[in-house]
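The block underneath contains the structure these notes are about, expressed in structure tokens.
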Amino acid sequence: MKLVFAGTPEVAVPALDALLASGRHEVAAVVTRPDAPAGRGRRLVASPVAQRAEEAGIEVLKPARPRDEEFLARLREIAPDCCPVVAYGALLPKVALDIPARGWVNLHFSLLPAWRGAAPVQHSLMAGDEVTGASTFLIEEGLDSGPVYGVVTEDVRPTDTSGDLLTRLAFAGAGLLAATMDGIEDGALQAVPQPVEGITLAPKIQVEDAHVDFAAPALRVDRVVRGCTPAPGAWTVFRGERLKLIQVAPLPDRTELAPGQLVVGKNNVYAGTGSYAVELLWVQPQGKKPMKAADWARGVRIAEGERLGV
């Protein structure tokens, strides 16, 4: 089939690579979000997908909005059979959805209908799911509601961050998307409507969602930290300034600490929660680089009775 691939961030690159390497389909063009400011100089930088497409010599389309007439006209000229999508980052209007003969097929990083929305991996971790995965589905006008072509499952490991899990799903999902394109071309795949039971939503994680409440149980604290790492970053407050929490470890045997209470050992830092303590392993003070929590604690000289979240 002739394909136009839509995607923007690094997590979409493995899927583009898989389609380029398949040798079975032609990736005629790539659609991605416009260049965005990045780095200290805030200079405009092309998306990871755009950079990969340019390396491969593929035409790159960067519409400000996917309903722009110039973009739609070019898409009609290309006349793709199908448009595979991975984390494109903009809603597609019906006028665009109607152009490819076999529609737009999205790779979504959850087992639909669970975790429809922008942040499925983060929400899956924060909810304590033991198994997650990726799904390919035909895009409709509803939010991630279209019929499903295929799924791949992935076990959630006890120390997974959203970054760890998303990286694995990006590669597993790339193979699923390539196989879905093959199955659509062969006529061997039929999309199956999603069940009406089990629908959960995964909206974008806001900064307030990443705030760690040390009155919550230790498992909840750990899940928020892992789910919000690397972005947007879990955080608490210490001495009036934000402290980013990068890695913690629950300690079921330590139940004597009050929520947020800090205790510093020779090479360890412990914080109480609503159940048992967690060990702080890696933190990032405001305006500084990530560091081991023990190094941070030595530098700030934590006094007896000081707490996080105050």
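The values are calculated or read from the model by the stated rules, or taken from the named source; none is laboratory data. None of the values given here were measured: they were computed from a predicted structure. Reconstructed Cβ throughout: ideal geometry from the backbone, glycine too, with neighbour counts over all protein chains shown. For the accessible areas, the whole protein counts, side chains as well, though only heavy atoms, and no ligand, DNA or RNA atoms are used. Shrake-Rupley method; radii C 1.70, N 1.55, O 1.52, S 1.80 Å.
Among Ala114, Ala90, which is the only one that is at pLDDT 95 or above and either out of contact with any helix residue (DSSP H, G or I) (no Cβ under 6 Å at 6 or more places or on another chain) or crowded, with 24+ Cβ neighbours inside 10 Å (or both)? Before you say what the answer is, go through the steps one by one.
Details: Ala90 fails: at pLDDT 95 or above.
From the options Ala114, Ala90, the qualifying one is Ala114.
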Those residues of the stretch 213-241 which are surrounded by 16 or more Cβ atoms within 10 Å (Cβ to Cβ), farther than 19 Å from Asp129 by Cβ and either touching a Pro at 6+ places or on another chain (Cβ under 7 Å) or of a type outside the set (Gly, Ala, Ser) (or both), in sequence order: Phe214, Pro232, Trp235, Thr236, Val237, Phe238
(1) more than 23 Å from the chain's Cα centre (by Cα); (2) buried (at least 16 other Cβ atoms within 10 Å of the Cβ); (3) among the charged types (D, E, K, R): which one isn't true of Arg33, the others all being true? (1)
Give the residues of the stretch 282-305 that are more than 26 Å from the chain's Cα centre (by Cα), under 21 Å from His211 (Cβ atoms) and surrounded by fewer than 17 Cβ atoms within 10 Å (Cβ to Cβ), sorted by residue number. Val300
Run down Pro84, Pro14, Pro100 and say which single residue is assigned to a loop (DSSP other than H, G, I, E, B), open to solvent by less than 60 Å² (accessible area, probe 1.4 Å) and within 27 Å of Ser145 (Cα to Cα). Pro100
Whether any residue in the stretch 1-23 is over 23 Å from the mean Cα position of the chain (by Cα) and modelled with pLDDT under 95 is what I want to check. yes
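Looking only at the stretch 288-310, which residues are basic (Lys, Arg), more than 20 Å from Ala258 (Cβ to Cβ) and not in a loop (DSSP other than H, G, I, E, B)?
Step one: of the stretch 288-310, the residues basic (Lys, Arg) are 288-289, 292, 298, 301, 307.
So of that shortlist, the ones also more than 20 Å from Ala258 (Cβ to Cβ) come out as 288-289, 292, 298, 301.
Correct list: Lys292, Arg298.
State all residues of the stretch 257-281 that are assigned to a strand (DSSP E or B) and under 14 Å from Phe214 (Cβ atoms); if no residue qualifies, say none. Give the derivation first.
Looking only at the stretch 257-281, we keep the residues that are assigned to a strand (DSSP E or B), and these are 261-264, 269-271, 277-281.
Gln261, Leu262, Val263, Val269, Tyr270, Ala271, Ala277, Val278, Glu279, Leu280, listed by residue number.
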Given (1) in a helix (DSSP H, G or I); (2) farther than 30 Å from Glu140 by Cβ, Ala174 misses just (2)
Of the residues in the stretch 248-281, those that are charged (D, E, K, R) and open to solvent by less than 50 Å² (accessible area, probe 1.4 Å) come to Glu279
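Can you name the residue in the stretch 188-212 that is of a type in the set (Val, Ile, Thr) and more than 18 Å from the chain's Cα centre (by Cα) and is also surrounded by the most Cβ atoms within 10 Å (Cβ to Cβ) among such residues? Let's see the steps before the verdict.
First pass over the stretch 188-212, keeping only residues of a type in the set (Val, Ile, Thr): 192, 196, 199-200, 205, 207, 212.
In the following step, the residues that additionally are more than 18 Å from the chain's Cα centre (by Cα) were identified as 192, 196, 199, 212.
Details: Val192: 11, Val196: 7, Ile199: 15, Val212: 25.
So, considering only residues that are of a type in the set (Val, Ile, Thr) and more than 18 Å from the chain's Cα centre (by Cα), the one surrounded by the most Cβ atoms within 10 Å (Cβ to Cβ) is Val212.
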